[in-house]
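First the structure, in the form of structure tokens, and then the observations on it.
Every read-out reported here was derived from the displayed coordinates using simple, explicitly stated rules and does not represent laboratory data. Just so it is clear, the model here is predicted, and its values are computed rather than measured. Quick reminder, even Gly has a Cβ in these numbers, built from the backbone with ideal geometry, and neighbours come from all protein chains shown.
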Amino acid sequence: MYLKHIISEAEKWIAAYSSSFHNEDKEAMWGIGLKEAHIGFVRRNCKELAQWLKLTEHDVLLAELIGLLHDVGRFRQWSVYRTFRDNLSEDHAELGLKVIQEQSLYKELDSEDRSILLFAISNHNKKFIAQAPSERHLLFAKIIRDADKLDIYRVNIEYVCVPPEGVFTPVCKHNFLKAEQINGGDMQTVDDRKLLYLVWVYDLYFPWTMKKIVEKGYLDRVIATLPRDAEVEQAVERLRKFINSEIKC
């Protein structure tokens, strides 16, 4: 499998590339270290999810490679802007693709694998997946989106599960009640972010991911810190029913 060689080369390149952003600034190193760890977890999630889907060995390796490369744009984003918010800086997926396409390992991929990798990474952070050239393109975009969200819960759970401010921005609350995704730029309070992490459940594609999130208790922890709001509480109950039905499926 030629992808085993490319993954080995990608590991070496990412280690060297991320290290090039290391410095004595503790704040800078916090952000770089956060993303170094995140990449490792998402890579593992992609591999395990692809195996759960019983994909071919080749496709399991391709999913793993996509997970390994999906967030390389974060290093430059954090170094330049000191934020991971795309709406306040640059789209980190597009930034990462520019870096990836300059590497020799990218040129070693065959044309279909290259196309799938570009599509999946480009769409991993978007509100919705763009129209896919093929079912295979769509499958890998779904895999990286689920794998990424699963680890973002892990990364941010301590920052999100804090005492409520008691304020929902109207557009965020409206989207949550309608089970619609929330734009990052619309969030103004920590309670808005809690709604974002809950409504993400409707954007998951595989029961494997849903089950992992439930088992780790992420959703219960977020729900426990919501402010009292009758409409939101009703929407949470609908969310719980949806989760249970998806896991049973």
(request) Can you figure out the FRET efficiency of LYS178 with TRP30, using R₀ = 45 Å and their beta-carbon distance, to the nearest 0.05? (result) 0.80
(message) So the label point goes 7 Å from the Cα of THR189 along Cα→C-beta, right? Which residues of region 221-238 then have their backbone N under 16 Å from it?
(response) 223-233
(request) Mind pulling the per residue volume of the convex hull built on the Cα atoms of region 163-248? Å³ is fine. (result) 84 Å³
(request) Using only alpha carbons, build the gyration tensor for the chain and give me the equivalent ellipsoid semi-axes, biggest first, whole Å. (result) 31, 22, 15
(request) Rank the residues ILE144, ILE129 as a footprinting-exposure proxy: fewest other Cβ atoms within 10 Å of their Cβ go first. (result) ILE129, ILE144
(request) List the residues whose amide H sits under 5 Å from the amide H of THR189, counting only those 5 or more places along or on another chain, with H placed 1.01 Å from N in the peptide plane. (result) THR169
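Report the equivalent ellipsoid semi-axes for region 8-82 in whole Å, largest first, defined as the square roots of five times the eigenvalues of the gyration tensor built from alpha carbon atoms.
Details: eigenvalues 152, 26, 15 Å².
Here the semi-axes work out to 28, 11, 9 Å.
I'd like to compare 226-239, 1-14: which one has the highest average count of other Cβ atoms within 10 Å, and what's the full order after that?
Numbers: 226-239: 13.7, 1-14: 15.4.
In decreasing order of mean packing, 226-239, 1-14 become 1-14, 226-239.
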(request) Starting from the Cα of LYS194, draw a straight line to each of the lysines and keep only those under 16 Å, dropping any in the same chain fewer than 8 residues away. (result) LYS149, LYS173, LYS178
(request) Estimate the FRET efficiency between ALA130 and LYS107 by the formula 1/(1 + (r/R0)^6), using the beta-carbon distance for r and 30 Å for R0, to the nearest 0.05. (result) 0.80
(message) Exceeding 18 Å between C-alpha atoms, which entries from my cross-link table qualify? They are LYS211/LYS241; LYS127/LYS248; LYS47/LYS212.
(response) LYS127/LYS248
